[in-house]
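*Asks:* Got a structure for you, written out below as structure tokens; questions coming shortly.
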Amino acid sequence: MFSLALRDDARLAPLEVWHAEEFADHMDRAREHIRPWVGAAFVTTDVDGARATLARYAERQARDGARLYGIWRDDVLVGGVMFTDFQAGAGWCEIGCWLEPGAEGQGLITPACSALVDWAFARRGLHRAEWHCRADNQRSAAVAKRLGMTLEGVRREAWPYGGTRHDKQVWALLATEWTPGGP
Ligand SMILES: CC(C)(COP(=O)(O)OP(=O)(O)OC[C@H]1O[C@@H](n2cnc3c(N)ncnc32)[C@H](O)[C@@H]1OP(=O)(O)O)[C@@H](O)C(=O)NCCC(=O)NCCS
């Protein structure tokens, strides 16, 4: 119902349980592209799996926790951003993102993440936003850099995928480092 214009042809809006079929169709386009880089539970194979992801986020949002937002380009769901964790009491959150391959390289994700950071810092008074990615995920690290995040460290061999334990980078941004409105 409510959406934020990212530009003329793209909008950001809550991704909810009633989007399950649309989310499943999108996942069919995105699955192989995102599989190496995101949590396994997010990479579902059918409408029931898609609905379960959306319900999981809805339940966490009801407790003021994680939240999920879709990006629609020309009214087609092409990806999204999320608070993978949101800890209002402790003052920190973690932000994540994904796109189907046809929507990559168009500048959709950075402004969408900026909107989440703005809300977390300016509206909710959080102090710290984190970004976790596989150390070899250059496109994801580039988003963290564009947001003005600092690479704080590497959790060595913390990301098992495909029989290999990959390093995981932890990036973060403090509220005092953020210019309202984004980079
Ligand atoms: C990570 C991911 C979401 C980044 O997407 P992205 O499209 O590279 O990021 P942005 O939306 O910020 O777009 C920036 C790119 O758009 C380009 N671009 C095109 N038009 C643009 C515009 N009008 N404004 C800004 N950038 C624009 C930029 O040049 C940049 O491309 P480049 O890096 O090739 O120079 C995407 O690679 C992805 O889905 N990967 C798989 C899943 C994943 O890794 N998720 C993150 C897990 S930690």
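*Asks:* Considering only region 47-108, give the strands (runs of 3 or more DSSP E) lying wholly within it that have at least 2 residues that are more than 19 Å from MET27 (Cα to Cα).
*Replies:* 76-87, 92-99
*Asks:* For region 92-107, which positions are more than 8 Å from the ligand (Cβ to nearest atom) and surrounded by 16 or more Cβ atoms within 10 Å (Cβ to Cβ)?
*Replies:* Those that are more than 8 Å from the ligand (Cβ to nearest atom) and surrounded by 16 or more Cβ atoms within 10 Å (Cβ to Cβ): TRP92, CYS93, GLU94, ILE95.
*Asks:* Need the failing condition index for LYS168 against (1) in contact (Cβ under 8 Å) with a residue 40 or more places away in the chain; (2) surrounded by fewer than 19 Cβ atoms within 10 Å (Cβ to Cβ); (3) not in a loop (DSSP other than H, G, I, E, B); (4) not aromatic (Phe, Trp, Tyr), just the number.
*Replies:* The number of the failed condition is (1).
*Asks:* Take the residues in region 160-169 that are over 14 Å from ILE95 (Cβ atoms) and not aromatic (Phe, Trp, Tyr), then tell me which one is nearest to the ligand (Cβ to nearest atom).
*Replies:* LYS168
*Asks:* Moving on to the next point. Could you tell me which numbered condition ARG139 fails, if it satisfies all but one of (1) within 16 Å of the chain's Cα centre (by Cα); (2) surrounded by 19 or more Cβ atoms within 10 Å (Cβ to Cβ)?
*Replies:* (2)
*Asks:* Now, a different point. How many residues does region 109-146 hold that are in a helix (DSSP H, G or I) and more than 9 Å from the ligand (Cβ to nearest atom)?
*Replies:* 11
*Asks:* Now for a separate question. Mind checking which residues of region 149-159 are touching a helix residue (DSSP H, G or I) at 6+ places or on another chain (Cβ under 9 Å) and away from the ligand (no atom under 13 Å from the Cβ)?
*Replies:* THR150, LEU151, listed by residue number.
*Asks:* Picking from ALA41, ALA13, which residue would you name as being small (Gly, Ala, Ser) and either in contact (Cβ under 8 Å) with a residue 60 or more places away in the chain or more than 16 Å from the ligand (Cβ to nearest atom) (or both)?
*Replies:* ALA13
*Asks:* Taking region 108-121 as the region of interest, how many residues are without any contact (Cβ under 8 Å) to a residue 40 or more places away in the chain and either surrounded by fewer than 23 Cβ atoms within 10 Å (Cβ to Cβ) or β-branched (Val, Ile, Thr) (or both)?
*Replies:* Total meeting the criteria: 2.
*Asks:* Now a separate question. Scan (1) touching a residue at least 60 places away in the same chain (Cβ under 8 Å); (2) among the charged types (D, E, K, R); (3) in contact with a helix residue (DSSP H, G or I) (Cβ under 8 Å, 6 or more places away or on another chain) for the single condition GLU21 breaks and write down its number.
*Replies:* (1)
Readers should treat all values here as calculations from the given coordinates under stated rules, not as data from a laboratory. Remember, predicted model here, so these are calculated numbers, not experimental data. Using ideal geometry, Cβ is built from the backbone for each residue, glycine included, and neighbour counts are taken over all protein chains shown.
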